[in-house]
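What follows is a single structure, written as structure tokens, with notes after it.
Every number in this text was worked out from the coordinates using simple rules, so none of it is lab data. Note that the structure is predicted; figures quoted are calculated from it, not measured. Quick reminder, even Gly has a Cβ in these numbers, built from the backbone with ideal geometry, and neighbours come from all protein chains shown.
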């Protein structure tokens with residue numbers, strides 16, 4: 001029998017009490033992180049946008065509204081366009097090569113059984129190295145007379161130059177360092193992507209007649225690596241946009257602005273010339289590119305899942 | 001030890017109502033199962049009692065206290081989870097001991113290193129240690145105290161979960177499908193053990209399960225839950241023999257009760273697929289009914305034709321030999337309804353798939369339900385009148 | 001596939017040779033800078049600029065170069081700064097991220113979804129973006145050129161929150177419910193139940209945090225003026241500037257020393273590094 005012999009009065013306080021307790025605990029636990037997130041990350045990110053619309057220079061007692069003046073100034077500044085061009089050339093040079101090389105290395109490592117661990121470690125080591133310290137090594141390697149690069153090139157009968165001081169080669173010399181550090185990252189991400197491909201796909205492809213290496217790659221590996229590739233390209237591109245360390249220690253943006261990139265320009269304007277507002281505007285351009293890349297990544301992955 | 005009184009619980013998740021006015025009184029020391037199909041709200045009910053969910057309305061009383069505003073730890077209940085919820089990185093002893101540590105040691109005494117040097121810590125820890133060993137040995141897992149849950153079998157983990165619940169001597173044990181992760185053989189054994197544990201401890205048990213065998217074999221009473229309501233709360237045998245609704249009748253018993261559409265006749269009898277059964281029902285001529293016949297309430301005879309109007313003509317479709325009994329699946333000649341009869345193996349020997357057969361129920365055991373599914377009870381069934389005609393077949 | 005057990009066919013042999021040739025050459029290129037760095041750090045000045053390059057020096061100059069690295073510049077101090085800063089940052093990140101990740105993954109509260117959206121937005125913002133406002137903030141607080149200025153911006157890691165939240169979501173709810181019944185409060189649940197189950201994820205995050213912050217150059221360059229506060233990369237630059245780019249031996253010795261902790265850690269815990277990077281895709 002249903003035990004229903006109770007008064008029908010239904011107290012309702014408990015729900016609020018329980019939920020309020022849980023909410024209070026949640027805010028106490030999340031509070032420090034949320035507060036720090038706003039003061040150290042989101043707040044400053046908003047502030048940088050706001051600052052870019054003013055005329056403030058570091059240390060000035062007054063601050064005035066400048067609208068889009070900083071952006072107009074940027075548009076009229078030859079140095080900005082050189083900087084932007086350099087950044088894009090650097091990204092266009094580093095990204096395809098490091099992604100392509102990373103993919104090639106990952107495929108070759110997976111294609112055999114011997115020395116896998118050694119190759120993986122060798123290619124990954126640059127990712128963990130201190131780029132600043134390694135930049136100094138590269139400086140020595142690019143040394144015009146005793147550097148390893150020129151010695152090797154000369155031995156091979158290739159043209160040599162003072163790589164970091166020649167305006168035509170400096171940006172690509174820095175790009176080479178960028179690639180050296182990025183290949184390992186794209187390699188491990190591709191290796192993880194390859195591991196995630198189910199073996200039976202290859203077996204069923206073989207039964208369907210696709211058993212040569214090229215066919216296997218074209219029919220199974222490459223399509224299955226699609227999402228990983230989009231991810232690797234985005235990650236590498238965002239990291240390339242952030243190039244700064246090598247520029248700062250090896251070329252100072254020179255010779256004659258040939259290696260001036262967005263972040264370095266921002267650093268100089270903001271912290272050498274103390275033009276905070278203008279540097280903030282440069283930061284916004286930089287942020288715009290990074291967000292654009294993420295947006296493209298989301299779009300591409302979205303479309304893929306529709307077809308999948 | 002304590003009784004648990006649940007009064008008018010209402011709970012919904014978003015727009016989905018999960019509990020619609022549930023009231024239940026579990027007596028002190030009673031073993032009550034909450035039985036129902038998945039999604040009926042039984043687990044939610046248990047979790048509200050434990051304090052892991054908060055009801056929208058209604059109250060829960062454990063012993064003399066209303067516990068609605070108490071945190072789970074303050075309710076003096078222990079719970080055994082379906083997944084056992086053992087802390088994977090703690091040893092068995094640490095798992096069992098944690099609830100005691102949290103209760104008996106102060107915040108300072110629980111601190112690593114510093115805590116050990118505070119006055120009293122050592123004595124309390126020794127007591128806890130002794131109780132862990134005692135509880136574990138009582139459940140036959142004394143030799144596993146240093147292992148981690150990952151190194152244990154399913155049955156051993158289940159005992160650790162039980163030990164962790166027992167060690168606190170709670171007012172009530174709440175169990176959420178604690179046997180569903182065990183294999184069939186172990187489950188039978190564990191059933192007996194839990195029932196034994198209940199007898200030994202004399203504590204109040206509330207046990208959630210979707211498995212009617214578990215509920216029927218272990219419980220003093222079973223609350224059958226359907227769509228957020230308690231459909232019936234009664235002793236196991238009562239649920240089987242005397243269900244309140246068609247849904248309960250259909251849920252309890254395997255194979256399921258045979259339900260046939262029936263129609264009241266003016267003379268008090270009932271017409272079912274062409275046959276006429278006597279029935280003592282409140283007067284309602286012409287009403288549409290459901291007649292429920294348990295598989296073992298059928299009498300079955302070879303040949304489709306039968307002189308007695310109470311018999312239904314049918315064809316044998318399939319025969320299942322279960323060893324101790326045999327199930328004969330038939331299709332009725334009129335309407336094609338599928339029915340199952342449970343008979344003695346010897347009696348089934350004469351039947352073959354494709355043969356004709358006739359069926360008639362023991363009319364004293366037929367359960368009638370109105371069109372709304374509510375049970376119809378009448379005066380005494382007119383069993384005596386038809387009984388002699390059935391006496392000899394086969 | 002069973003080809004491997006039999007004798008290699010000529011095609012398979014050719015492929016294996018090709019594979020090792022390409023990967024071997026690649027490995028040489030990848031490792032060359034490290035080899036060059038160590039080789040130079042062992043040589044006296046005369047040999048560094050010798051017309052023919054040799055791997056090993058004729059006269060060893062280990063003592064001179066490494067001694068000079070530690071004596072002429074506070075290299076030991078740079079290393080200490082590196083460890084102190086990376087440790088402080090990771091401790092603060094874990095201390096703030098773990099409770100927040102637990103609240104985001106397992107508690108029901110108004111504001112949870114919004115908070116998580118902001119965490120995701122935070123993931124999109126490269127660290128350099130906040131440099132100017134943070135510099136102004138540190139200036140206002142009067143803490144430019146202090147450890148606090150170096151550590152504070154990294155004290156919060158939205159990446160850490162996100163990573164731990166994803167991990168905590170895989171922890172069964174029942175475990176938390178059991179803990180509540182066993183008498184644990186929400187704080188105790190974070191430290192006694194969630195933290196131990198999250199050790200693998202926390203190690204992965206710790207490694208990444210260590211790698212990033214040990215190698216971080218941009219922000220210290222902005223806020224640090226005093227040599228004695230410099231973390232290793234900035235220290236190396238002070239070093240290079242002071243030696244005016246001539247004393248390559250000691251400079252390469254310093255570079256070797258600065259690289260050593262990460263490289264050694266990587267060689268000993270390769271799996272963790274690679275898994276960590278793969279699991280998280282790096283910032």
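Okay, here's what the table says:
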read-out	value
Rg [Å, one decimal], Dmax [Å, integer] - chain C, C-alpha atoms	24.3, 76
Burial ranking of peptide ranges C:67-73, C:168-174 (average Cβ count within 10 Å, highest at the top)	C:67-73, C:168-174
Ranked A:143, B:143, B:169, B:329, criterion: other C-beta atoms within 10 Å, fewest first	B:143, B:169, B:329, A:143
Shielding by partners, peptide A:41-50 (average Cβ within 10 angstrom, other chains)	6
Difference of contour (0.36 nm per residue) and Cα-Cα distance, residue B:15 to residue B:111	30.1 nm
Binned Cα-Cα distance frequencies in the range A:173-264 - 5 Å width, integer %	3, 12, 18, 15, 12, 10, 8, 8, 6, 4, 3, 1, 0
Stretchable slack from residue C:124 to residue C:270, in nm (0.36 nm times residue separation minus alpha-carbon distance)	49.8 nm
Efficiency of FRET between residue C:29 and residue A:24 - r from beta-carbon atoms, R0 45 angstrom, step 0.05	0.20
Helical mean residue ellipticity (222 nm; -39500 (n - 2.57) per DSSP H run of 4+; nearest 500) of chain A	-22000 deg cm²/dmol
Computed E for residue C:199/residue A:63 - FRET, C-beta separation, R0 41 angstrom, nearest 0.05	0.25
Where only alpha carbons of chain B are counted, the Rg and the Dmax (Å)	26.6, 91
C-alpha long axis of helix C:248-268 to longest principal axis of chain C, angle in °	40
For a label point 7 Å along the Cα-to-beta-carbon line of residue C:191, residues of the range B:100-123 with backbone N under 12 Å	B:107-115
Nearest 10 degrees, 0 to 90: helix B:121-138 Cα axis against chain B principal axis	30
Residue order, fewest to most beta carbons within 10 Å, for B:207, B:368	B:368, B:207
Where labels lie 7 Å past Cα in the beta-carbon direction, separation of residue B:64 and residue C:54 in nm	9.6
Average partner coverage of C:117-125, which counts Cβ from other chains inside 10 Å	4
23 Å tail of the calculated P(r), the range B:256-351, as % of Cα pairs	27
0 to 90° range, to nearest 10: angle between helix B:92-104 axis and chain B longest Cα axis	70
Spatial separation of Cα centroids for the range B:253-304 and the range C:141-162, in angstrom	80
Taking N as its residue count, the alpha carbon Rg of the range A:70-307 over 2.2 N^0.38 Å	1.18
Max mean-square fluctuation residue, GNM over chain A, Cα-Cα springs under 10 Å, options A:113, A:66, A:237	A:113
Peptide-level mean, for C:104-115, of C-beta atoms on other protein chains within 10 Å	4
Kirkwood-Stokes translational diffusion coefficient of the range B:4-238, alpha-carbon pairs, 10 °C, 1.306 mPa s, µm²/s	85
Relative exposure of B:377, B:61, A:275, judged by other C-beta atoms within 10 Å (fewest first)	B:377, B:61, A:275
Per-q log10 I(q)/I(0), the protein assembly as shown, q = 0.05, 0.08, 0.10 Å⁻¹ (Debye; single scatterer per alpha-carbon; no solvent)	-0.49, -0.96, -1.20
Cα→Cβ-extended label distance, 7 Å offset, between residue B:296 and residue C:84, nm	8.2
Contour minus Cα-Cα distance for residue A:214 and residue A:201 (0.36 nm per residue)	3.2 nm
Where labels lie 7 Å past Cα in the beta-carbon direction, separation of residue C:62 and residue A:116 in nm	3.6
Pairs of Cα atoms farther than 18 Å apart, the range B:198-270, %	48
Efficiency of FRET from Cβ geometry, residue B:308 and residue B:353, R₀ 41 Å, rounded to 0.05	0.95
